[in-house]
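A short worksheet on the structure shown next.
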Amino acid sequence: MELSDDQIIELTLAGETDAFSLLVRRWERPIYGLSLRMLGRDEDARDVCQETFLAAFRNLRKFRGDAKFSSWLYRIALNACHSRLRKQGAAVEQSIDHGDEDGRRFELADAEAEAMPERMQRDERATLVRKALQALPAEMRQVIVMKEYEEMTFAEIAEVLQIPVSTVKSRVYTGLQQMRARLEKMRGAL
Amino acid sequence: MMNEKNRFNAPNDCGRKEDLVAYLYDEANVAERASFKRHLDDCEACRQELKAFERVRDELSAWQVGFAPRAEIALQRGKFDVLRELVGMFPRWVRGAALAGAAAVMMLIAMSIAGASVNVRNGDFAVNFGRAANAETGGGGASSEAIERLVQTAVAREREKIEQEHNAQLTSFKDQLSAEQQAQLEAVKAALRREIQRANRQNPSIRSFFAQGDNDDPWGDVR
């Protein structure tokens with residue numbers, strides 16, 4: 001029987017620190033995905049992933065269990081992402097708007113697969129989406145990422161961000177509108 | 001027909017933006033869903049927007065993360081846990097030896113803090129406490145040689161005093177022993193005198209034989 005997050009936390013707090021690695025294995029992929037889509041760089045996403053789990057481990061006693069562990073973890077990761085975005089500042093926006101891909105390229109699969117036309121087309125779409133998403137204000141981007149890629153409900157997103165559900169819906173709506181406009185603009189420029 | 005600019009920025013003034021996204025992501029309950037479906041029949045802007053958002057969602061699905069690197073997290077354990085685990089790895093005798101070693105080190109550290117030094121010279125053993133010696137000399141920065149001399153003088157004085165006491169006791173014992181020996185000697189003399197007198201009474205001729213040419217009575221005054 002698979003242990004629940006809360007059971008693993010109890011074991012960890014009881015001194016079985018190795019149990020925490022189960023939580024890492026369970027949540028590393030979503031946290032990495034969230035970080036990558038928020039920051040756009042694999043290297044940054046890896047760093048945020050590590051920072052998130054270390055911070056969670058160090059502060060595990062502060063986790064009161066009135067929210068889901070995953071919500072708490074997402075909140076830590078998003079805070080780390082925002083911290084990095086603030087440091088990157090205007091350079092990020094400039095890089096996206098001018099199509100500068102240096103250091104911001106999504107890591108593609110092996111070169112052999114890239115040679116395939118279907119793969120190239122998909123990668124091209126992915127690149128456009130990535131650019132359009134990165135151009136969104138962070139508060140829109142995070143709700144779109146959580147909704148589209150993490151498949152979280154509006155209520156779950158509201159719990160992570162500690163905002164009303166109606167605000168989440170409103171941000172998703174505005175985010176989709178801006179994505180639509182930007183994607184149309186990019187496709188027209190191709 | 002709307003031009004492109006108007007199509008992108010067409011305001012959705014019907015006030016059902018939240019209902020639209022709930023419908024789009026299939027999070028509306030049955031009643032809400034039915035209600036919004038009826039609204040779509042009458043609202044061209046919402047119909048257009050819904051289709052556009054579905055296309056955006058389709059575009060968004062193109063960016064998939066094919067892998068996730070394993071997060072290498074070095075978890076920090078409690079210091080006590082680490083120490084307990086580390087100690088448990090060693091056999092008992094090693095733990096005992098380590099404990100004794102640790103105690104010795106602690107003692108040396110304590111002695112070091114107290115400014116003590118240990119001297120082993122000519123088979124003699126001495127522990128000097130620097131701070132105590134300094135205190136005795138008023139803490140005026142006396143050298144370690146001066147302190148050592150002071151201690152040695154004090155030890156020598158004490159040793160001389162003990163030796164004198166021992167000598168006095170020895171003399172007393174000797175005197176006591178001499179008195180006892182003298183008493184025993186006198187007792188033996190008395191016994192011998194009595195034996196001679198008894199023998200003289202039994203055989204006077206022997207006495208007269210020894211009395212010739214010697215006036216002293218060797219038997220009568222044995223000393």
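Here are the numbers for the structure shown:
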read-out	value
Subset of the range A:15-43 (residues that are part of a loop (DSSP other than H, G, I, E, B) and either in contact with a Pro (Cβ under 7 Å, 6 or more places away or on another chain) or more than 11 Å from chain B (Cβ to nearest Cβ) (or both))	A:41
Top-ranked residue of the range A:1-21 - restricted to ones that are of a type in the set (D, E, K, R) and in contact (Cβ under 8 Å) with a residue 40 or more places away in the chain, ranked as surrounded by the fewest Cβ atoms within 10 Å (Cβ to Cβ)	A:6
Extreme residue, farthest from residue B:19 (Cα to Cα), among residues of the range A:144-190 that are assigned to a helix (DSSP H, G or I) and among the aromatic types (Phe, Trp, Tyr)	A:154
All positions within the range A:133-143 that are surrounded by fewer than 24 Cβ atoms within 10 Å (Cβ to Cβ) and either outside any helix (DSSP H, G or I) or within 8 Å of chain B (Cβ to nearest Cβ) (or both)	A:136, A:137
Of all residues making up the range A:122-132, the number that are of a type in the set (Lys, Arg) and surrounded by fewer than 18 Cβ atoms within 10 Å (Cβ to Cβ)	1
Matching residues in the range A:144-186 - criterion: being facing chain B (nearest Cβ under 9 Å) and in contact with a Ser or Thr (Cβ under 8 Å, 6 or more places away or on another chain)	A:148
Residue satisfying condition, being more than 21 Å from residue A:156 (Cβ to Cβ) and modelled with pLDDT of 90 or more, within set A:54, A:78, A:108, A:34	A:54
Residue in the range A:144-162 that is surrounded by the fewest Cβ atoms within 10 Å (Cβ to Cβ), counting only those that are touching a helix residue (DSSP H, G or I) at 6+ places or on another chain (Cβ under 7 Å) and among the acidic types (Asp, Glu)	A:150
Residue in the range B:84-92 that is at pLDDT 80 or above and either part of a helix (DSSP H, G or I) or more than 14 Å from chain A (Cβ to nearest Cβ) (or both) present	no
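Matching residues to (1) within 60 Å of the chain's Cα centre (by Cα); (2) modelled with pLDDT of 95 or more; (3) not in a loop (DSSP other than H, G, I, E, B):
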{"site": "B:2", "(1), (2), (3)": "no, no, no"}
{"site": "B:5", "(1), (2), (3)": "no, no, yes"}
{"site": "B:12", "(1), (2), (3)": "no, no, no"}
{"site": "B:22", "(1), (2), (3)": "no, yes, yes"}
{"site": "B:54", "(1), (2), (3)": "no, yes, yes"}
{"site": "B:67", "(1), (2), (3)": "yes, no, no"}
{"site": "B:75", "(1), (2), (3)": "yes, no, no"}
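The values are calculated or read from the model by the stated rules, or taken from the named source; none is laboratory data. This one's a predicted model, so the numbers in the text were calculated from it and none came from an experiment. Neighbour counts run over all protein chains shown; Cβ positions are idealised from the backbone, glycine included.
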